[in-house]
Amino acid sequence: FHLQEKNKKVSASEICKAIELIKPMKNKNSEDYTILAMLQSFSIQFQMINATSIAAEVSKNLKNALELDPNNIRAHYVFASNDFYTPKKYGGGKKVEAYLLKAITLPPQKISNDYLPSWGKEESYEMLVNYYIQNEKWKPAKQYYQEGMKAFPQSHLINQYGPQLVDK
C-alpha cells in the first residue's frame with residue numbers, strides 16, 4: 001500500500017517491522033516460512049546492497065516451507081515469484097514455470113477453513129500467463145489464461161492479459 005502511495009520510506013519500514021515480527025518465532029510452520037520469505041523477497045528492493053544475503057535467506061526459508069509441507073500452494077507461488085523477479089543475469093527465470101505449474105494443481109487449503117490462508121492459486125495463474133506472454137509462448141499463455149478465467153471469472157489479475165492474447 002505504502003509503495004503504491006509512493007511512500008517508499010514507510011513501505012521499507014513496515015516490511016522490516018513485519019520481518020522482525022516473524023523472524024524470531026519459534027517452531028515456524030510452512031505458512032510462517034512462506035510469509036517470511038515473501039516479505040524478505042519484497043524487501044530486497046529497499047536494500048539492494050544486501051540483495052545476495054537476503055536472497056539466500058529467502059531461498060532457505062522457502063526450502064524449509066516446502067520441507068514442512070511440499071503441497072503448500074503459497075510456498076510454490078512465492079518460490080516462483082522470487083525466481084520471476086530475479087534478473088536473468090543472477091539466475092532468475094529458470095524455475096518459475098515448474099513452481100507455478102505445481103501451484104495451480106494444488107488446493108488452496110487442505111482443510112476448508114475461513115481462518116486459514118487461501119491465496120495463491122489466482123496469483124499463480126496470473127504469473128504463469130504473464131511468464132508465457134513475456135517469453136512469447138502464446139499457446140500455453142492462452143491455455144492458462146482460459147483455465148485461470150474459468151477458475152476465477154472475476155479476476156482482474158488474470159483478465160488484464162486478455163487483450164495481449166488476441167490474435168496470438
## Note on the structure
Sparse-neighbourhood loop hits (trypsin sites (Lys or Arg not before Pro), the stretch 1-105; DSSP loop; Cβ within 10 Å at most 16 others) -> K6, K26, K94, K95
### Query
Hey, what angle do you get for helix 51-68 against the long axis of the chain, alpha-carbon based, 0 to 90 degrees rounded to 10?
80
#### Entry: Loop-located GluC sites (Glu not before Pro) in the stretch 122-168, at most 11 other Cβ atoms within 10 Å (DSSP)
E136
#### Entry: Most to least packed among 76-83, 137-144 [average Cβ atoms within 10 Å]
76-83, 137-144
### Query
Can you give the net charge of the other residues whose Cβ lies under 13 Å from the Cβ of E136, counting K and R as +1 and D and E as -1?
+4
## Note on the structure
Carbon/sulfur accessible area of the chain, % of total, 1.4 Å probe, equals 54
### Most to least packed among 110-117, 41-48 [average Cβ atoms within 10 Å]
41-48, 110-117
### Task
Calculate, for the chain, the solvent-accessible area per residue in square angstrom, rolling a 1.4 angstrom probe over the heavy atoms of the protein chains.
62
### Task
Return one number: the angle in degrees, 0 to 90 and rounded to the nearest 10, between the long axis of the Cα atoms of helix 30-43 and the longest principal axis of the Cα atoms of the chain.
90
#### Entry: Rounded to the nearest 20 debye, dipole of the chain from Cβ charges on Lys, Arg, Asp, Glu
400
## Note on the structure
In degrees rounded to 10, the 0-90 angle between helix 8-22 Cα long axis and the longest Cα principal axis of the chain is 70
### Query
Hey, how many Å between the Cα centroid of the stretch 21-43 and the Cα centroid of the stretch 117-141?
24
#### Entry: For L157, net neighbour charge (Lys/Arg +1, Asp/Glu -1) across residues whose Cβ lies under 15 Å away
-2
### Message
Counting C-alpha atoms alone, how compact is the stretch 67-168: give Rg to one decimal and Dmax as a whole number, in angstrom.
### Response
13.8, 44
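The values are calculated or read from the model by the stated rules, or taken from the named source; none is laboratory data. Because the structure is predicted, anything quoted here is derived from the model rather than measured. Heads up, the Cβs are rebuilt from the backbone with ideal geometry, glycines too, and the neighbour counts pull from every protein chain shown. All accessible areas refer to the heavy atoms of the entire protein, side chains included, with ligands and DNA or RNA removed. Shrake-Rupley method; radii C 1.70, N 1.55, O 1.52, S 1.80 Å.
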